[in-house]
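Asks: Structure incoming, see below.
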């Protein structure tokens with residue numbers, strides 16, 4: 001993998017459903033992985049900073065895992081709520097910061 | 001409140017004009033960044049600066065210029081050499097190391 005890739009590109013889920021999405025990135029020269037939430041008409045806001053292989057972070061209903069050896073991170077949202085609707089960005093920090101194109105999540109009430 | 005201020009929120013440019021987008025932060029961060037977002041694409045790095053009086057080109061620096069004369073300020077000039085400047089521009093800063101970036105609210109630039 002040469003770039004940071006996120007999948008799926010967009011996602012619609014019903015309120016109460018749990019969901020997850022993927023960030024894949026080059027595993028060489030890895031320094032850190034960031035997850036951001038970007039709500040419409042706001043600026044991106046950092047959710048997690050992950051640095052170590054096997055890291056697991058949690059904030060409320062949202063959690064993330066990191067595998068630096070194979071170059072991927074998962075973001076999980078448990079019991080999705082309408083306020084979770086946003087674009088979720090991951091960014092790989094190596095020598096520079098490289099962003100994925102994001103996963104746009106819409107939670108339907 | 002600490003944060004990043006970008007101005008203006010909307011900016012219109014005539015063909016052949018240079019325009020400057022302002023970015024100011026009061027977070028005492030050493031590193032600052034400029035990104036461009038086009039519809040359906042991710043954030044692409046234009047320029048970044050890790051310390052005052054020093055900056056490096058990002059992935060799409062052609063047609064842009066920056067300065068970093070003060071820690072708080074990292075203005076971006078979109079020159080007439082940038083043939084497709086219509087986009088949403090985001091400025092960010094970070095304390096450095098593995099820490100994440102803090103973002104401004106963005107400037108939307110359009111061509112008249």
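The values are calculated or read from the model by the stated rules, or taken from the named source; none is laboratory data. All of these numbers come straight from a predicted model, not from anything done at the bench. Cβ placement follows ideal geometry from the backbone for every residue including glycine, while neighbour counts extend to all protein chains displayed.
Asks: All but one of (1) away from chain B (no Cβ under 14 Å); (2) in contact with a strand residue (DSSP E or B) (Cβ under 6 Å, 6 or more places away or on another chain); (3) in a strand (DSSP E or B) hold for residue A:37; which doesn't?
Replies: Single failed check for residue A:37: (1).
Asks: Let me ask something additional. Whether any residue in the range A:10-20 is within 14 Å of another protein chain (Cβ to nearest Cβ) and closer than 24 Å to residue B:95 by Cα is what I want to check. Write out each step before concluding.
Replies: At the first step, the residues of the range A:10-20 found to be within 14 Å of another protein chain (Cβ to nearest Cβ) are A:10.
If we keep only those that are closer than 24 Å to residue B:95 by Cα too, we end up with none.
Within the range A:10-20 (the criterion being within 14 Å of another protein chain (Cβ to nearest Cβ) and closer than 24 Å to residue B:95 by Cα), the answer is no, since none of the residues qualifies.
Here is a yes/no grid of residues against (1) surrounded by 19 or more Cβ atoms within 10 Å (Cβ to Cβ); (2) modelled with pLDDT under 95; (3) not in a strand (DSSP E or B):
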site: A:13; (1), (2), (3): no, no, no
site: A:28; (1), (2), (3): no, yes, yes
site: A:42; (1), (2), (3): no, yes, yes
site: A:73; (1), (2), (3): yes, no, no
site: A:83; (1), (2), (3): no, no, yes
site: A:89; (1), (2), (3): yes, no, no
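Asks: Among the numbered criteria (1) buried (at least 17 other Cβ atoms within 10 Å of the Cβ); (2) under 14 Å from the mean Cα position of the chain (by Cα); (3) modelled with pLDDT of 95 or more, which one does residue A:107 miss?
Replies: Of (1) buried (at least 17 other Cβ atoms within 10 Å of the Cβ); (2) under 14 Å from the mean Cα position of the chain (by Cα); (3) modelled with pLDDT of 95 or more, only one is false for residue A:107: (2).
Asks: Let me ask something else. Does the range B:66-100 hold any residues that are surrounded by 14 or more Cβ atoms within 10 Å (Cβ to Cβ), assigned to a loop (DSSP other than H, G, I, E, B) and modelled with pLDDT of 95 or more, and which are they?
Replies: If the condition is that a residue be surrounded by 14 or more Cβ atoms within 10 Å (Cβ to Cβ), assigned to a loop (DSSP other than H, G, I, E, B) and modelled with pLDDT of 95 or more, then B:67, B:68, B:71, B:72, B:74, B:75 are the ones that fit.
Asks: Exactly one condition in (1) within 12 Å of chain B (Cβ to nearest Cβ); (2) in a loop (DSSP other than H, G, I, E, B); (3) more than 19 Å from residue B:41 (Cβ to Cβ) is not met by residue A:46; state its number.
Replies: (2)
Asks: Additional query: Go through the range B:53-65 and report how many residues are outside any strand (DSSP E or B), within 14 Å of chain A (Cβ to nearest Cβ) and exposed (fewer than 14 other Cβ atoms within 10 Å of the Cβ). Full working, then the answer.
Replies: If we filter the range B:53-65 for residues that are outside any strand (DSSP E or B), which is where we start, we get B:53, B:58-63.
Adding the requirement that they be within 14 Å of chain A (Cβ to nearest Cβ) leaves B:58-61.
Add one more test, that the residue is exposed (fewer than 14 other Cβ atoms within 10 Å of the Cβ), and what stays is B:59.
Qualifying residue count for the region: 1.
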